[in-house]
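Structure record follows, encoded as structure tokens.
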Amino acid sequence: MKDGAAIYFKDWGKGQPIVFSHGWPLNADAWDPQMLFLGQHGYRVIAHDRRSHGRSSQTWDGNTMDTYADDLAELFEALDLKDAIMVGHSTGGGEVARFIGRHGTKRVAKAVLIGAVPPIMVKSAEGPNGIPIEVLDGIRQGTVQDRPQYFKDFSTAFYGYNLPGAKISEGVRDNFVLQGLQGGIKGLCDCIAASSETDFTEDLKKIDVPTLVMHGDADQIVPFPISGQLTAKLVKNATLKVYPGFPHGMCTTEADTINKDLLAFIQT
């Protein structure tokens, strides 16, 4: 990157490129179910570790949504990606929106926002139903004080394992902790603010490619009424698909359903 940070990425297969942006505090490995499935269906699948996450550089500065979007734009340029489908989950959905807001869609064919943070998560005068800043401060505090245990606890709501009838996978929870611990503590704390306090309203209005908004109505991390429901109204001609009972981490817990719907949208 321009500031010397190194961004790790996977680049598998051949065909039309699909570029994945992961959620907090994870990394590109969170997309393995989708990358394997879509790669096997003839697509080139690419996923990077956001700066200060996973195997990318842990930077003290630059952990902002603008920089995340610019890093991704540099990756697009380096790989000369064209006619790409952008897929973002949670914080990654904000990254996709800000990328388009800052860099346009000349290299983008379609966009998918899954359990994504736009338009803005934090409670404010403009968004009175948002998440109180005190809750977000609690996430920061938990991350700083006892990150391993906090991430293990956080994974319960993330994957909806506290919902009635949930089939709990301790392996999935352990993998969440593993990916979270690979990130840099400073960057992860900065990212909480970047994802929850950034206003993506104007970015969403600039999206001019076919867009699919996917959201679980049992999402406890990014509640549907303050995110996907509003995003679908702001993005011109967006398609909204709501999944009854699906949690925030539905790309993992409900991978078969999500993969099928992603493929159908991409092929349309």
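The values are calculated or read from the model by the stated rules, or taken from the named source; none is laboratory data. Keep in mind that this is a model prediction, so the values were computed, not measured. Here the Cβ is made from the backbone with ideal geometry for all residues, glycine too, and neighbour counts use every protein chain on show. Heavy atoms of the whole protein, side chains included, go into the accessibility calculation; ligands, DNA and RNA do not. Shrake-Rupley method; radii C 1.70, N 1.55, O 1.52, S 1.80 Å.
Here is how the numbers come out for the structure above:
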{"read-out": "Matching entry among Ala116, Ala111 (being assigned to a strand (DSSP E or B), buried (at least 21 other Cβ atoms within 10 Å of the Cβ) and of a type outside the set (Asp, Glu))", "value": "Ala111"}
{"read-out": "Residues being of a type outside the set (S, T, N, Q) and either over 30 Å from Val177 (Cβ atoms) or part of a loop (DSSP other than H, G, I, E, B) (or both) - total across segment 53-73", "value": "7"}
{"read-out": "From the options Val45, Val19, residue that is among the hydrophobic types (A, V, I, L, M, F, W, C), closer than 22 Å to Phe200 by Cα and either open to solvent by 50 Å² or more (accessible area, probe 1.4 Å) or at pLDDT 95 or above (or both)", "value": "Val19"}
{"read-out": "Those residues of segment 138-174 which are open to solvent by 70 Å² or more (accessible area, probe 1.4 Å) and either at pLDDT below 95 or assigned to a helix (DSSP H, G or I) (or both), in sequence order", "value": "Gln141, Val144, Gln145, Gln149, Asp153, Pro164, Gly165, Glu170, Asp174"}
{"read-out": "Answer from His103, His89 - the residue that is without any contact (Cβ under 8 Å) to a residue 40 or more places away in the chain and surrounded by 13 or more Cβ atoms within 10 Å (Cβ to Cβ)", "value": "His103"}
{"read-out": "Selection within segment 1-29 - assigned to a loop (DSSP other than H, G, I, E, B) and either over 15 Å from Thr91 (Cβ atoms) or acidic (Asp, Glu) (or both)", "value": "Met1, Lys2, Asp3, Gly4, Ala5, Ala6, Ile7, Tyr8, Gly13, Lys14, Gly15, Gln16"}
{"read-out": "Residue under evaluation Asp70, criteria (1) within 17 Å of the chain's Cα centre (by Cα); (2) closer than 28 Å to Asp153 by Cβ, criterion not met", "value": "(2)"}
{"read-out": "Of residues in segment 200-222 being in contact (Cβ under 8 Å) with a residue 40 or more places away in the chain and within 25 Å of Gly165 (Cα to Cα), the one most open to solvent (accessible area, probe 1.4 Å)", "value": "Gln220"}
{"read-out": "Segment 254-268 residues that are surrounded by 17 or more Cβ atoms within 10 Å (Cβ to Cβ), paired with ones that are among the aliphatic types (A, V, I, L, M) and in a helix (DSSP H, G or I) (beta carbon under 8 Å, 6 or more apart)", "value": "Ile258/Met250; Asn259/Leu38; Leu262/Leu38; Ile266/Leu38"}
{"read-out": "Unique residue being touching a Ser or Thr at 6+ places or on another chain (Cβ under 7 Å) and at pLDDT 95 or above when the list is Ala255, Ala218, Ala194", "value": "Ala194"}
